[in-house]
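The values are calculated or read from the model by the stated rules, or taken from the named source; none is laboratory data. Since the model is a prediction, treat every value here as computed from it, not as a measurement. Because the Cβ atoms are built from the backbone with ideal geometry, glycine has one as well, and the counts that use them run over all protein chains shown. All accessible areas refer to the heavy atoms of the entire protein, side chains included, with ligands and DNA or RNA removed. Shrake-Rupley method; radii C 1.70, N 1.55, O 1.52, S 1.80 Å.
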Amino acid sequence: MTEHVRVAVIGSGFGGLGAAVRLRREGVTDFVVLERADSVGGTWRDNSYPGCACDVPSHLYSFSFAPHAEWPRTFSGQRHIRAYLEHVADVFRLRPHIRFDSEVKTMTWDGERLCWDIETTRGSLSADVVVSATGPLSDPKIPDIPGLDSFPGKVFHSARWDHDYDLRGKRVAMVGTGASAIQIVPAIQPLVDRLTLFQRTPPWVMPRVDRPISGAERALHRALPFTAQLRRGLLWGIRELQVQAFTKRPGELGLVEQLAKRHMARSIKDPALRAELTPDYRIGCKRILLSSDYYPALARPNVDVVASGLSEVRGSTVVAADGSAAEVDAIVFGTGFHVTDMPIADRVVGAEGRTLAESWARGGGMEALRGASMPGFPNWLTIIGPNTGLGNSSMILIIESQLNYMADFVRQLGVLGGRVALDARPGALRAWNRRVQERMRRTVWNTGGCTSWYLDANGRNTTIWPGTTTEFRRATRRVDLGEYDVLRVPVPQKAAEVSA
Ligand SMILES: Cc1cc2nc3c(=O)[nH]c(=O)nc-3n(C[C@H](O)[C@H](O)[C@H](O)COP(=O)(O)OP(=O)(O)OC[C@H]3O[C@@H](n4cnc5c(N)ncnc54)[C@H](O)[C@@H]3O)c2cc1C
């Protein structure tokens, strides 16, 4: 017989582990966490490239229910965040629930039994509720570059770093200048013989004010835990105030552009290079990047900035759209992830026999009621769903709000009792999405004059939350049953007659 669980969580990053902790707190122990890899950590397991670190201070980029007095630096590196998540899995005794090497291939809604049939690489199971925490940035994207297949050297993506390949003394092409690339460049520039950086659009870069957290500070947080909470609160509050400029008054961001330009001018003395590195869109339209060593690295004599995208590979020569060419030994892609075309959406088959990806395509793009649920996909919730991303703060705040929603969803199912499912109403989704897109119109992400991964192929912003994290928390505190149809297992004819 196929195994059945109350809840199947997919993914063991911050979202999946957080869901597991919340389920246990809600008294739900009949759940599994299905993870395709062989350890926990998600983003922070997969991105081990040199220089990988968080852009949000450590005390804010951690669970509020699992404060960590021992963060060694104000901004944590990948190794420490990964270790933190391993620690969370241990402390909250999540390991018995986790099934590694279990990639979810398909999830199909069974409208008669009111449950999800799940196929994984390790067998099948069914679940009353699915919580999909497969991550917004977990499937790397490598652009289709003519000639790449026949490149004789090494090729890899920043999120699948090949640590066996020694970059020392090599000629390396780095493709992309996003959040990962600007961390990689200064880390590998001193090692390589030559670094050719392909930049399609320059990012805005602000200094990274990073420092070790002193032993005294850590001792204080250990002895008086409320001081760590205070620190977190302060970090959160500052970002909460900043967000108004992004969402309502992008004009105010001009001042920040001046600071970023000054930051660049301190390291880049060549006016021609400075011009190439200066963005022509409003700061904030793309994610603002933090680095104090990116520009100094670009000024080094072994670095060439090509202000054009990689368009072709001819043998071992990489060729940019503007015609410039370089011979290289390795190509590293820092070209991001499948965000607005998240792969898990192709693997969920809803009540009407359509995949989530097909439903979204029919509706014109990704959308979800309160960032979590979709009509026709009963009892299926996502963590970091459509329009829940943040441009300036910690995604952990959003994840925790979505966990509140998930916890109430499971609670409500319990209160309704019996075999029951909640299916988001199309009207509720439309109303929610109208509000989200209405608010989006004024934001810097839509008006700032850039093309970013926040926008889908139709130019619609289906990724960012256009408000404060407090507003999101309020909107997801409780499940409003008025926004859902309650589905029950049809009562067989005979049983109905007997009870009548
Ligand atoms: C390099 C990098 C830097 C970042 N920096 C920041 C930052 O500074 N601040 C910030 O707020 N956010 C940052 N982020 C965003 C980050 O992704 C989120 O903050 C957060 O880690 C997401 O957690 P998650 O659990 O939702 O997803 P993930 O951490 O991506 O975890 C998803 C998990 O699901 C698993 N999975 C996926 N598909 C399947 C499947 N079909 N079956 C089974 N398992 C599956 C994956 O293997 C993975 O373990 C960064 C992301 C990257 C890539």
Subset tally (residues that are exposed (fewer than 14 other Cβ atoms within 10 Å of the Cβ), of a type in the set (Gly, Ala, Ser) and within 23 Å of the chain's Cα centre (by Cα)) for segment 450-493: 2
Test: residue in segment 354-362 that is part of a helix (DSSP H, G or I), within 16 Å of the ligand (Cβ to nearest atom) and either among the small types (Gly, Ala, Ser) or within 22 Å of VAL5 (Cβ to Cβ) (or both): yes
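Is it the case, given these coordinates, that PRO136 is at pLDDT below 95 and either farther than 19 Å from PRO343 by Cβ or in a loop (DSSP other than H, G, I, E, B) (or both)?
In short, yes.
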Qualifying position, being away from the ligand (no atom under 12 Å from the Cβ), open to solvent by 10 Å² or more (accessible area, probe 1.4 Å) and on the phi > 0 side of the Ramachandran plot, among GLY111, GLY51, GLY27, GLY42: GLY27
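Output the residues belonging to segment 25-39 that are in a loop (DSSP other than H, G, I, E, B), of a type outside the set (A, V, I, L, M) and within 19 Å of LYS105 (Cα to Cα).
GLU35, ARG36, ASP38, SER39
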Candidates SER324, SER394, SER311, SER292 - the one that is of a type outside the set (Val, Ile, Thr), free of Cβ contacts under 8 Å to residues at least 40 places away in the same chain and either within 30 Å of ALA265 (Cα to Cα) or open to solvent by 40 Å² or more (accessible area, probe 1.4 Å) (or both): SER324
Criterion (open to solvent by 60 Å² or more (accessible area, probe 1.4 Å), basic (Lys, Arg) and either part of a helix (DSSP H, G or I) or within 21 Å of ILE184 (Cβ to Cβ) (or both)) met by exactly one of ARG282, ARG300, ARG239, ARG232: ARG300
Qualifying position, being under 30 Å from ILE142 (Cβ atoms) and within 16 Å of the ligand (Cβ to nearest atom), among MET342, MET440: MET342
Members of segment 164-202 that are touching a Phe, Trp or Tyr at 6+ places or on another chain (Cβ under 9 Å), assigned to a loop (DSSP other than H, G, I, E, B) and within 16 Å of the ligand (Cβ to nearest atom): GLY176, THR177, GLY178, SER180
